[in-house]
Protein chains: 2
Amino acid sequence: MSDSAVLAGHLQELRRGTVVMAALATLHRPTYGYALLESLDAAGFHVDGNTLYPLLRRLERQGLLASEWNTEESRPRKFYSVSTDGEALLTDLLAEWESLHASIERLR
Amino acid sequence: MSDSAVLAGHLQELRRGTVVMAALATLHRPTYGYALLESLDAAGFHVDGNTLYPLLRRLERQGLLASEWNTEESRPRKFYSVSTDGEALLTDLLAEWESLHASIERLR
């Protein structure tokens, strides 16, 4: 592996764990996949659709997201929103995140 | 999967990416595996030896850590320390971490 591949791998690993948290936090408002991708991008989370869309389906299977089809527009779109269980997970993830942040600050 | 297994999985994923950063930050001073485990634990990173020891060997293979055997004590121990490349990676990881933290704050 080249140095830049090593770097990219480690950065990727650091980002991966934050995507679920970012998605749950954004889905307080029902949002369809592509709009979520844009919101995350605007917030600084550059996630690929090939990563995000399977993740949304997985979170729905786990009961952390609910979904509803909106068929009022010309093109039907599936809107996701965070469920009660998803809110509980988000609270735990944010608490863990703050704790990790404090730990890293102690080590710096 | 039970709810608690789902939760544990997501928390685990969030922590995973931070362990490399925490290890590199701690290894400014040459340290052997078990002592590093204890330092990380004291800082709030509860890493298992089965996770940490293979990680140290991987980081050494990637040139991010250097190691030296200390044979002065009754039991020889391998001391790891961060290399120049490791320092550069740590700087990048910390910058990415700060950027992710700012992004999460924007979404909350």
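Here are some notes:
- Taking the stretch A:54-90 as the range and being part of a helix (DSSP H, G or I), under 14 Å from the mean Cα position of the chain (by Cα) and not aliphatic (A, V, I, L, M) as the test, the residues that pass are A:Pro54, A:Arg57, A:Arg58, A:Glu60, A:Gly86, A:Glu87.
- Only residues that are crowded, with 20+ Cβ neighbours inside 10 Å and touching a strand residue (DSSP E or B) at 6+ places or on another chain (Cβ under 6 Å) were counted across the stretch A:17-30, and they come to 2.
- Subset tally (residues that are more than 11 Å from chain A (Cβ to nearest Cβ) and in contact with a Phe, Trp or Tyr (Cβ under 8 Å, 6 or more places away or on another chain)) for the stretch B:22-57: 7
- Boolean, B:Ala66 is at pLDDT below 95 and more than 9 Å from every other protein chain (Cβ to nearest Cβ): no
- Cβ pairs under 8 Å, 6+ apart, first in the stretch B:46-70 and open to solvent by 80 Å² or more (accessible area, probe 1.4 Å), second not in a helix (DSSP H, G or I): B:Glu68/B:Pro30; B:Glu68/B:Lys78; B:Glu68/B:Phe79; B:Glu68/B:Ser81; B:Trp69/B:Pro76; B:Trp69/B:Arg77; B:Trp69/B:Lys78; B:Trp69/B:Phe79
- B:Leu14 farther than 18 Å from B:Gly86 by Cβ and open to solvent by less than 10 Å² (accessible area, probe 1.4 Å): yes
- Among (1) facing chain A (nearest Cβ under 7 Å); (2) touching a Gly at 6+ places or on another chain (Cβ under 8 Å); (3) touching a residue at least 24 places away in the same chain (Cβ under 8 Å) - the single one B:Arg16 does not satisfy: (3)
- Condition check for B:Val82: facing chain A (nearest Cβ under 10 Å) and either surrounded by fewer than 16 Cβ atoms within 10 Å (Cβ to Cβ) or closer than 18 Å to A:Gly9 by Cβ (or both): no
- Residue check for B:Glu98: part of a loop (DSSP other than H, G, I, E, B) and open to solvent by 30 Å² or more (accessible area, probe 1.4 Å): no
- A single entry from A:Leu89, A:Leu107 fulfils the requirement of being open to solvent by less than 20 Å² (accessible area, probe 1.4 Å) and on the phi < 0 side of the Ramachandran plot: A:Leu89.
- Pair list, Cβ under 8 Å, 6 or more apart: the stretch A:85-102 residue more than 10 Å from chain B (Cβ to nearest Cβ), other residue of a type in the set (D, E, K, R) and assigned to a helix (DSSP H, G or I): none
The values are calculated or read from the model by the stated rules, or taken from the named source; none is laboratory data. Predicted, not measured: the structure shown is a model, and the values here were computed from it. Heads up, the Cβs are rebuilt from the backbone with ideal geometry, glycines too, and the neighbour counts pull from every protein chain shown. Just so you know, the surface numbers come from the protein's heavy atoms only, side chains and all, with ligands and any DNA or RNA stripped out. Shrake-Rupley method; radii C 1.70, N 1.55, O 1.52, S 1.80 Å.
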